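S.K.: Sending over a structure as structure tokens; questions will come in a sec.
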Amino acid sequence: MTTSSGFAHPEHLVDAAWVEAHRSDPNLVIVDCDVEPAYNRGHIPGAVLVPDNYEKDADAGRLHVLPPNKFAALCQGLGIGDNTLVVAYDNSQSLYAARLWWALNYYGHTSVKILDGGWRRWVSEGRAVSFARPKAPAPVTFNPRPNQSILVKVDELKANCRLDDVVVWDVRSTAEYDGSNSRGNQRVGHVPGSVHLEYLNTMDRETHRFKPAADIRRMLLAQGITPEKRIYTY
């Protein structure tokens with residue numbers, strides 16, 4: 001099912017062979033998490049395209065996970081119901097697939113996996129490519145059940161970021177961490193006391209797959225990111 005060993009939860013990853021074998025399963029929805037032009041250039045047969053604004057709460061006027069009713073409508077439009085197994089992928093070293101994985105988990109839908117290696121792996125293995133839009137999905141019901149335990153609020157982060165048993169992990173680029181790239185934000189820098197390890201360091205840049213678990217553990221340990229601590233990421 002997965003090509004990665006040694007992970008605490010290997011069930012979160014699947015390989016291309018697994019997706020190929022199961023992509024016609026009636027209870028499976030494959031979600032392409034890249035932008036529409038990339039999807040139009042080719043995608044996994046039967047894959048649906050996630051709207052690129054699903055993280056944007058227009059009512060709040062800023063980037064944020066959609067409110068429950070809007071997220072439920074989005075999922076239902078993709079054919080994702082309460083009992084659906086979701087496989088997410090992208091061509092961005094799992095950046096956008098992981099965001100959808102998190103959003104689904106936040107709303108209580110834990111039946112979701114990431115294609116390890118994403119689109120690059122699918123194509124490099126010579127698997128079928130489609131340019132067609134799938135037909136409209138059958139009606140389904142998605143009941144959002146927000147899990148606040150996986151979301152940290154600013155006040156909680158302020159209160160805990162200096163504690164000995166807490167690690168705040170900044171996964172952004174070095175330039176964002178040191179403030180040399182604002183990316184258009186009014187303020188630059190990082191959360192006081194946070195450690196820096198860009199998420200891309202956990203990925204194999206050539207294959208777009210996650211690095212071996214042992215390699216990732218060594219990187220995390222070097223930053224003091226260990227299982228017995230509370231880890232906040234941003």
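Nothing in this text is a laboratory measurement; each read-out follows from the coordinates by a stated rule. As the structure is a prediction and not an experimental result, all values here were calculated from the model. Counting neighbours? That spans all protein chains shown, and the Cβs are built from the backbone with ideal geometry, glycine included.
S.K.: Which lysines have a Cα lying under 30 Å from the Cα of Lys229, excluding residues fewer than 8 positions away in the same chain?
M.R.: Lys113, Lys153, Lys158, Lys211
S.K.: Rounded, prolate or oblate: which fits the range 129-193, taking a ≥ b ≥ c as square roots of the Cα gyration tensor eigenvalues, rounded meaning a/c under 1.5, else prolate when a/b beats b/c?
M.R.: It is oblate, given that a/c is not under 1.5 and a/b is not larger than b/c.
S.K.: Which loop-located chymotrypsin sites (Phe, Trp or Tyr not before Pro) does the range 98-187 contain, where loop means any DSSP state but H, G, I, E or B and the Cβ has at most 11 other Cβ atoms within 10 Å?
M.R.: Working: sites: Trp101, Trp102, Tyr106, Tyr107, Trp119, Trp122, Phe131, Phe142, Trp169, Tyr177; in loops: Tyr107, Phe131, Phe142.
Sites meeting the loop and neighbour criteria: Phe131.
S.K.: Still on this model: Quick one: net charge around Leu85, please, counting Lys, Arg +1 and Asp, Glu -1 for every other residue with C-beta under 12 Å from its C-beta.
M.R.: In short, -1.
S.K.: Pulled fully out, how much extra length does the chain show between His22 and Tyr234, if you take 0.36 nm times their separation in residues and subtract their Cα-Cα distance? Working shown, then result.
M.R.: On the way: separation 212, 0.36 × 212 = 76.32 nm, distance 3.34 nm.
Result for the pair: 73.0 nm of gain on full extension.
S.K.: In terms of the Cα gyration tensor, with a ≥ b ≥ c the square roots of its eigenvalues, is the range 142-234 rounded because a/c is under 1.5, prolate because a/b exceeds b/c, or oblate?
M.R.: Rounded, since a/c falls under 1.5.
S.K.: Sticking with this one: How long is the gain from Glu11 to Asn40 if the chain were fully straight, where each residue apart is worth 0.36 nm and the alpha carbon distance is subtracted?
M.R.: 7.5 nm
S.K.: Check Thr233: other-chain or 5+ apart residues with amide H under 5 Å from its amide H, H built from backbone geometry?
M.R.: The answer is Trp169.
S.K.: Per the helix-only calculation at 222 nm, which mean residue ellipticity applies to the chain, given -39500 (n - 2.57) for every DSSP H run of n ≥ 4 and division by its residues, nearest 500 deg cm²/dmol?
M.R.: My calculation for the chain gives -7500 deg cm²/dmol from helical runs alone.
S.K.: Around Val112, with a cut-off of 13 angstrom between Cβ atoms, what is the net charge of the other residues, counting Lys and Arg +1 and Asp and Glu -1? Walk me through the numbers before you get to the answer.
M.R.: Numbers: positive: Arg99, Lys113; negative: Glu11, Asp82.
That works out to 0.
S.K.: Another question, if that's okay. So what's the net charge close to Tyr39: Lys and Arg +1, Asp and Glu -1, counting the other residues with Cβ under 14 Å from its Cβ?
M.R.: Neighbourhood net charge equals -3.
S.K.: So for the chain: antiparallel DSSP bridges make up what percent, rounded to the nearest 5?
M.R.: For the chain, the DSSP antiparallel bridge percentage is about 20.
S.K.: Provide the gained length on full extension for the span Arg187 to Arg133, in nm with one decimal, where the gain is 0.36 nm per separating residue minus the Cα-Cα distance.
M.R.: Details: separation 54, 0.36 × 54 = 19.44 nm, distance 4.14 nm.
Going from the current span to full extension adds 15.3 nm.
S.K.: Also: With a Förster radius of 41 Å, plug the Cβ-Cβ distance of Ala222 and Ser124 into 1/(1 + (r/R0)^6) and report the FRET value to the nearest 0.05.
M.R.: 0.85
S.K.: Sticking with this one: Tell me, what is the FRET efficiency for Asp82 and Glu156 to the nearest 0.05, using R0 = 35 angstrom and their Cβ-Cβ distance as r?
M.R.: Efficiency, rounded to the nearest 0.05: 0.75.
S.K.: Same structure, new question: Just flag the trypsin sites (Lys or Arg not before Pro) in the range 205-234 sitting in loop per DSSP whose Cβ has no more than 16 other Cβ atoms within 10 Å.
M.R.: Arg205, Lys229
S.K.: First measure r as the distance between the Cβ atoms of Val140 and Trp102, then evaluate 1/(1 + (r/R0)^6) with R0 = 22 Å and state the FRET efficiency to the nearest 0.05.
M.R.: E between Val140 and Trp102, to the nearest 0.05, is 0.55.
S.K.: Sticking with this one: As a footprinting exposure proxy, order Glu176, Glu125 by other Cβ within 10 Å, with the fewest listed first. Mind showing how you got there, number by number?
M.R.: Details: Glu176 19, Glu125 12.
Arranged by neighbour count, lowest to highest, Glu176, Glu125 become Glu125, Glu176.
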